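The values are calculated or read from the model by the stated rules, or taken from the named source; none is laboratory data. In this text the structure is predicted, and so the values were computed from the model without any measurement. With ideal geometry, Cβ positions are generated from the backbone for all residues, glycine too; neighbour counts draw on all protein chains shown. Ligands, DNA and RNA are stripped out before the accessible areas are found, and what is left, the full protein with its side chains, is counted by its heavy atoms. Shrake-Rupley method; radii C 1.70, N 1.55, O 1.52, S 1.80 Å.
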Amino acid sequence: MNALHTTLPAWVSMWIVAGLLFAVGKTISAWWLWKITHRPLQVAAFAFGWVGMNPQEWNAPAQRRPLVRQTGAGVIALLLGVLLLWGIARLLPHPLAAGWCGMVGLVLILHFGLFRLLADFWQTQGHAVQPLMNRPAAAMTLAEFWGKRWNRAFRDLAHPLVLLPVHRRFGAVPALLACFAVSGIVHELVISIPAGAGYGLPFGYFMLQAVGQLIERRFRLRSWFFTHAFTLLPVGLLFHPPFVSRVMLPFFKTIGALP
């Protein structure tokens, strides 16, 4: 990992690590699908044509609908992301502000835009796949936000690989802590290591989210404000300034989004 960091631009290291982690997760989920279907073409389409990790969704039949009727949300998110990344970001005078604007634009382009359109396409082909981002702004609890609405691909891997085994052996609280700890480690690999700084901050962010869920359980909280304040206010721990300045800003300059 250090060799990657010293011989390649930091943003290249980030994408390589993210790609390797995705490939590992995809291999595991494709193997699960193979055990269900034993259909090589379906497994290949799932492995190389879809970003989700849920083989049951892929294998479940869906009502075929014309693609043009269901692509509005994805197109809007894609266009808004392009506007933020290649338009508004370059107008902001402070580099960190420009970096944050660009990151929001990139998430809109990929997770809410292209990946949503990809889900829409596979639904028209008869697969009951769901968008990775399932209206996260509508979440009323942290459990709902992280478990059902934000980046469902991680949840679909963490639930059978981490949460269920730990829950069976140690109980609900250790299982919750283990899931967020794994998420924290994954984000350290993708964020802090390429940046060469900020170690422990992404891990701390996700452990804070676990604490938030424990507070919800203890006091039976169901609050939109608590949910989104708890996720957004400490987000600077996750995408810390060294990551923005050393990884994302050079990447945005390389793709022509920033001068």
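Of the residues examined, A175 is one that is within 23 Å of G52 (Cα to Cα) and touching a His at 6+ places or on another chain (Cβ under 6 Å).
Every residue, every condition in (1) of a type in the set (D, E); (2) surrounded by fewer than 20 Cβ atoms within 10 Å (Cβ to Cβ); (3) part of a helix (DSSP H, G or I); (4) modelled with pLDDT of 95 or more, yes or no:
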| position | (1), (2), (3), (4) |
| --- | --- |
| F145 | no, no, yes, yes |
| V162 | no, yes, yes, yes |
| P165 | no, yes, yes, yes |
| R169 | no, yes, yes, yes |
| V173 | no, yes, yes, yes |
| V182 | no, yes, yes, yes |
| I185 | no, yes, yes, yes |
| G198 | no, no, no, yes |
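Applying the set (1) at pLDDT below 95; (2) aliphatic (A, V, I, L, M); (3) not in a helix (DSSP H, G or I) to M140 leaves exactly one unmet item: (1). If the condition is being in a helix (DSSP H, G or I), open to solvent by 50 Å² or more (accessible area, probe 1.4 Å) and without any contact (Cβ under 8 Å) to a residue 40 or more places away in the chain, then the stretch 82-106 contributes V82, L83, I88, L91, V104.
If you go through the stretch 118-135 and pick out every residue that is part of a helix (DSSP H, G or I) and surrounded by fewer than 19 Cβ atoms within 10 Å (Cβ to Cβ), you end up with 3. Looking across the stretch 201-229, the residues that are under 19 Å from the mean Cα position of the chain (by Cα) and open to solvent by 40 Å² or more (accessible area, probe 1.4 Å) come down to L201, F203, M207, L208.
Scanning the stretch 218-247 for residues that are under 21 Å from W150 (Cα atoms), assigned to a helix (DSSP H, G or I) and either at pLDDT below 95 or hydroxyl-bearing (S, T, Y) (or both) turns up T227, T231. Checking the stated criteria, G196 turns out to be among the small types (G, A, S), within 26 Å of A98 (Cα to Cα), out of contact with any Leu (no Cβ under 7 Å at 6 or more places or on another chain) and touching a residue at least 24 places away in the same chain (Cβ under 8 Å). Among the criteria (1) modelled with pLDDT of 95 or more; (2) within 23 Å of W31 (Cα to Cα), the one F112 does not fulfil is (2).
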